[in-house]
1. Within the bounds of the range 58-77, is there any residue that is touching a Cys at 6+ places or on another chain (Cβ under 6 Å), in contact (Cβ under 8 Å) with a residue 60 or more places away in the chain and not β-branched (Val, Ile, Thr)?
2. If a residue has to be more than 13 Å from the ligand (Cβ to nearest atom), closer than 15 Å to Glu216 by Cβ and under 20 Å from the mean Cα position of the chain (by Cα) to count, how many in the range 130-154 make the cut?
3. Would you call Lys285 of a type outside the set (Gly, Ala, Ser) and either under 20 Å from Lys38 (Cα atoms) or outside any loop (DSSP other than H, G, I, E, B) (or both)?
4. Of the conditions (1) surrounded by 13 or more Cβ atoms within 10 Å (Cβ to Cβ); (2) out of contact with any strand residue (DSSP E or B) (no Cβ under 9 Å at 6 or more places or on another chain); (3) modelled with pLDDT of 95 or more; (4) outside any loop (DSSP other than H, G, I, E, B), Lys90 fails just one. Which one is it?
5. In the range 112-142, which residues are closer than 18 Å to Val70 by Cα, buried (at least 20 other Cβ atoms within 10 Å of the Cβ) and touching a strand residue (DSSP E or B) at 6+ places or on another chain (Cβ under 7 Å)?
6. Checking Ser344 against (1) modelled with pLDDT of 95 or more; (2) away from the ligand (no atom under 16 Å from the Cβ); (3) crowded, with 24+ Cβ neighbours inside 10 Å, which test does it fail?
7. Test Ser87 against the criterion of being over 18 Å from the mean Cα position of the chain (by Cα) and either of a type in the set (S, T, N, Q) or away from the ligand (no atom under 16 Å from the Cβ) (or both), and give yes or no.
Amino acid sequence: MDTRRIHLSEKDIPQAWYNIQADLPSPCPPPLHPATKKPATPEDLAAIFPKALISQEMSTERWIPIPDEVRRIYSIWRPTPLVRARSLEKALKTPARIYFKDESVSPPGSHKPNTALAQAWYNKQEGITRLSTETGAGQWGASLAFACTLLDMECKVYMVKVSYQQKPYRRSMMHLWGATVLPSPTDQTNAGRSILQQDPDCLGSLGIAISEAVEEAATRPDTNYSLGSVLNHVLLHQTIIGLEAEKQIKEFGDFPDVVVACVGGGSNFGGIAFPFLRYKLTEGKDIRFIAAEPQACPTLSRGQYRYDYGDTTMLTPLLKMFTLGHTFMPAGIHAGGLRYHGMSPLISQAAALKLIEPKALYQTGCFEAAKLFAATEGIIPAPESSHAIKAACDEAIRCRDTGKEECILFNLSGHGICDLASYDRYLSGELEDFEYPKEKIEEAMKALPEI
Ligand SMILES: *Cc1c(COP(=O)(O)O)cnc(C)c1O
């Protein structure tokens, strides 16, 4: 029988994460303090992050050891399978070999617990007993709640009010894993109260929820803040995806010509891509990297590479990144995890150096690719992951048309079992495609600081 999947054993869980900062041709531009616009110091960050993570954020060591206890807990769901998508290949009549790394098998259903667990563990080592965070659709909140319950820590999640009302299932997951979940804006923080004073019916936004979670962490000594994407240490933890995939694809006797993942803040893309990008940087290997993003939020394709705030309310440090502007208001597309105005500074730098290629996709095409994937490989993907599937299928079709036998690897960042309402809308033909208007990008750029 032809091999369909490679399972590694628990002892094959990598011993160290890969830090791309060691191999990029120039250092990553530092975060700037929002008030002084000078590089943020470790002391600035220590109010809300533990020392170990601040040091990972700035480290240029190539390999950072994964603590034994973290590896032990990873074994609840890792190593994840690498699957040869033979049925999808057949349906596309492509000579290409398509592989996907299945991060949907984690208990919360996505790649996010790879960093949630690591972050919670380092916080606990430094005496922190509670973590606060924000969540939109609930993928990140559920992952942090899961990690906190495994480590016997408290977890407080500010969930954007409109999602709190419309996405009950991930809220239930967070409750089952023992987290406190509040619809943001709340009356428990200054940030929340001042918003409610202006607009008592405010449905919330990720920017407001970030402000509330950061305020709680900054004002309580037992509590730190945790972010699910964008930052260097988050991408570092996610490289476990690509490091496992590298072992697995070599066991298949193969190696990728093209690596594909979707990008929201960039963590699952960095996770699968960076361990392979190292071969391009250090050995000049010819590998293409495709970052799939929505046309409705085309951060890498049409944003600008400059310093911007991470949140709407301009409380976070300024990051040098591709951005559509912190005033960006995304259309209501169904890939909630891909609606962020900014992008990881490491991915932004790689894109500015033309090491990776952005590709902007319409959501109906992505749902169509997701339907084909579900019909062939059986797994119902997250709407975010469907962007990676669509981009991988486009590459496979290019191979069919040109007769090239390339090897395509993509990351399946999560499953879509909590997103079935979105699939219903797709199936009933109610989904619209959005293109982000050019004038709006120009307008938003005016609100950016001159640095
Ligand atoms: C959050 C999320 C994303 C987007 O986040 P990145 O940091 O860009 O990886 C993609 N897929 C799924 C399933 C998610 O939950």
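The values are calculated or read from the model by the stated rules, or taken from the named source; none is laboratory data. Note that the structure is a prediction, hence the values are computed from the model and not measured. Note that we place each Cβ from the backbone using ideal geometry, even for glycine, and neighbour counts take in every protein chain shown.
1. So the first thing to find is which residues in the range 58-77 are touching a Cys at 6+ places or on another chain (Cβ under 6 Å), and the list is none.
So far as the range 58-77 goes, no, none of its residues is touching a Cys at 6+ places or on another chain (Cβ under 6 Å), in contact (Cβ under 8 Å) with a residue 60 or more places away in the chain and not β-branched (Val, Ile, Thr).
2. 3
3. Against the criterion (of a type outside the set (Gly, Ala, Ser) and either under 20 Å from Lys38 (Cα atoms) or outside any loop (DSSP other than H, G, I, E, B) (or both)), Lys285 does not qualify.
4. It is condition (1) that Lys90 fails.
5. Ala120, Asn123, Ile128, Leu131
6. Status for Ser344: all satisfied but (2).
7. yes
For (1) surrounded by fewer than 24 Cβ atoms within 10 Å (Cβ to Cβ); (2) within 16 Å of the ligand (Cβ to nearest atom), each residue gets a yes or a no:
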{"site": "Asp201", "(1), (2)": "yes, no"}
{"site": "Gly204", "(1), (2)": "no, no"}
{"site": "Ser211", "(1), (2)": "no, no"}
{"site": "Ala218", "(1), (2)": "yes, no"}
{"site": "Ser226", "(1), (2)": "no, yes"}
{"site": "Leu235", "(1), (2)": "no, yes"}
{"site": "Asp254", "(1), (2)": "yes, no"}
